1. Pick from GLN169, GLN242: which is away from the ligand (no atom under 11 Å from the Cβ) and under 25 Å from LEU75 (Cα atoms)?
2. Answer with yes or no whether ASN175 is within 16 Å of the ligand (Cβ to nearest atom), under 30 Å from GLU248 (Cα atoms) and loosely packed, with under 14 Cβ neighbours inside 10 Å.
3. Does GLY32 fit the bill of being surrounded by 14 or more Cβ atoms within 10 Å (Cβ to Cβ) and either farther than 17 Å from HIS6 by Cα or touching a helix residue (DSSP H, G or I) at 6+ places or on another chain (Cβ under 9 Å) (or both)?
4. Would you be able to tell me the number of residues in segment 228-246 that are surrounded by fewer than 22 Cβ atoms within 10 Å (Cβ to Cβ) and closer than 21 Å to ILE26 by Cα?
5. Take the conditions open to solvent by 10 Å² or more (accessible area, probe 1.4 Å), in contact with a Ser or Thr (Cβ under 8 Å, 6 or more places away or on another chain), modelled with pLDDT of 90 or more and over 16 Å from HIS214 (Cβ atoms) and apply them to PRO54. Does it pass?
6. Confirm whether MET199 is surrounded by fewer than 16 Cβ atoms within 10 Å (Cβ to Cβ) and within 16 Å of the ligand (Cβ to nearest atom).
7. I'd like to know if segment 93-103 contains one or more residues that are of a type in the set (A, V, I, L, M, F, W, C), in contact (Cβ under 8 Å) with a residue 60 or more places away in the chain, open to solvent by less than 10 Å² (accessible area, probe 1.4 Å) and within 16 Å of the ligand (Cβ to nearest atom).
8. Please tell me if GLY188 is in contact with a helix residue (DSSP H, G or I) (Cβ under 8 Å, 6 or more places away or on another chain), near the ligand (Cβ under 9 Å from one of its atoms) and on the phi > 0 side of the Ramachandran plot.
Amino acid sequence: MNFSKHEESIKFVLDNAPFKPDAALILGSGLGGFSGSVEIVKTIRTMDIPGYPPSTVEGHGGKIHFARLKEKRLLLFDGRIHFYEGYPLEKCLFPVMFTHKLGAKQLLITNAAGGVSGDLTPGDLMLFNSFSTLNLKKEISEALGSFLLKEVNAIRNFPDEELHGIIRQAAEEENIPIKEGSYFFSKGPTYETPAEVRMAAKLGFDAVGMSTVHEIITALKLGIRVASISCITNYAAGISAQKLSHSEVTETANRIKDEFERLIKKIFELLPR
Ligand code: HPA
């Protein structure tokens, strides 16, 4: 990623940062409420950051919070920019860029996803054990400058078993079931067709969604430890007879947000500083 192009935005965030965060969190659809459960130290509106693209999706807040949770200092991105909103992929990577520039070495990414595998039911949480990059390689190359050996090597750092150990422990301590599976990246902007979902299922993927993958790869390239958890908000198109809608996605996210927030809090408590 060519940081020199984004000097102004980086300077704005660094100048406004009250501390160096221990860890960062990118909040997925409908999960913005998490910021209400931690002590907010300072909030930056993304609209005030030079060059930051406006979020156009319902349930995405457009705020960056600096927060405290016990002795941990956190950076929360409430308002993700999606590739399907029409921005160049590089613009969608601002949260990861700020995570890096602020010096946080750990990143947790949450998202909403459709369940493809028969093991997943709406309301389940799924820890990523792998993901697809197939239909995003060109854009990732453009955004990061290359998608060559360095990135391929960095991908070997995923999944991060130590981080996953902490997440499993947090789930166990909070008595919250968490499943594990692979995420198929879909470019959007529309949900998948039933045939595309059958393809993802045949290829062995467990869930499908429209975010996160480029964030993971960028984090890995920048040496940030990263893990991602999906809230399975719906059966992917064609898996159930019910027609898929964005309101189903936000309704399920709402239904399990307390549990999800409890899990995330526990993960941050257990993370090393
Ligand atoms: N497909 C893609 N993205 C999603 C879905 C889905 O079914 N549900 C939530 N985000």
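The values are calculated or read from the model by the stated rules, or taken from the named source; none is laboratory data. Since we're looking at a predicted model, the values are computed, not measured. We place every Cβ from the backbone using ideal geometry, glycine too, and count neighbours over all the protein chains shown. Accessible surface areas use protein heavy atoms only, side chains included; no ligands, DNA or RNA. Shrake-Rupley method; radii C 1.70, N 1.55, O 1.52, S 1.80 Å.
1. GLN169
2. For ASN175, the condition - within 16 Å of the ligand (Cβ to nearest atom), under 30 Å from GLU248 (Cα atoms) and loosely packed, with under 14 Cβ neighbours inside 10 Å - is not met.
3. For GLY32, the condition - surrounded by 14 or more Cβ atoms within 10 Å (Cβ to Cβ) and either farther than 17 Å from HIS6 by Cα or touching a helix residue (DSSP H, G or I) at 6+ places or on another chain (Cβ under 9 Å) (or both) - is met.
4. Start the filter on segment 228-246 by keeping residues that are surrounded by fewer than 22 Cβ atoms within 10 Å (Cβ to Cβ), which leaves 235, 237-246.
From the residues that got through so far, the ones that are closer than 21 Å to ILE26 by Cα too are 246.
Qualifying residue count, segment 228-246: 1.
5. Values: open to solvent by 10 Å² or more (accessible area, probe 1.4 Å): yes; in contact with a Ser or Thr (Cβ under 8 Å, 6 or more places away or on another chain): yes; modelled with pLDDT of 90 or more: no; over 16 Å from HIS214 (Cβ atoms): yes.
Spelling it out, it is not the case that PRO54 is open to solvent by 10 Å² or more (accessible area, probe 1.4 Å), in contact with a Ser or Thr (Cβ under 8 Å, 6 or more places away or on another chain), modelled with pLDDT of 90 or more and over 16 Å from HIS214 (Cβ atoms).
6. Values: surrounded by fewer than 16 Cβ atoms within 10 Å (Cβ to Cβ): yes; within 16 Å of the ligand (Cβ to nearest atom): yes.
In short, yes.
7. Start the filter on segment 93-103 by keeping residues that are of a type in the set (A, V, I, L, M, F, W, C), which leaves 93-94, 96-98, 102.
Now drop any that are not in contact (Cβ under 8 Å) with a residue 60 or more places away in the chain, which leaves 93-94, 96-98, 102.
Okay, now just the ones that are also open to solvent by less than 10 Å² (accessible area, probe 1.4 Å), so 93-94, 96-98.
When the remaining residues are screened for being within 16 Å of the ligand (Cβ to nearest atom), the result is none.
No; the residues of segment 93-103 include none that is of a type in the set (A, V, I, L, M, F, W, C), in contact (Cβ under 8 Å) with a residue 60 or more places away in the chain, open to solvent by less than 10 Å² (accessible area, probe 1.4 Å) and within 16 Å of the ligand (Cβ to nearest atom).
8. Numbers: in contact with a helix residue (DSSP H, G or I) (Cβ under 8 Å, 6 or more places away or on another chain): yes; near the ligand (Cβ under 9 Å from one of its atoms): yes; on the phi > 0 side of the Ramachandran plot: yes.
Answer is yes for this residue.
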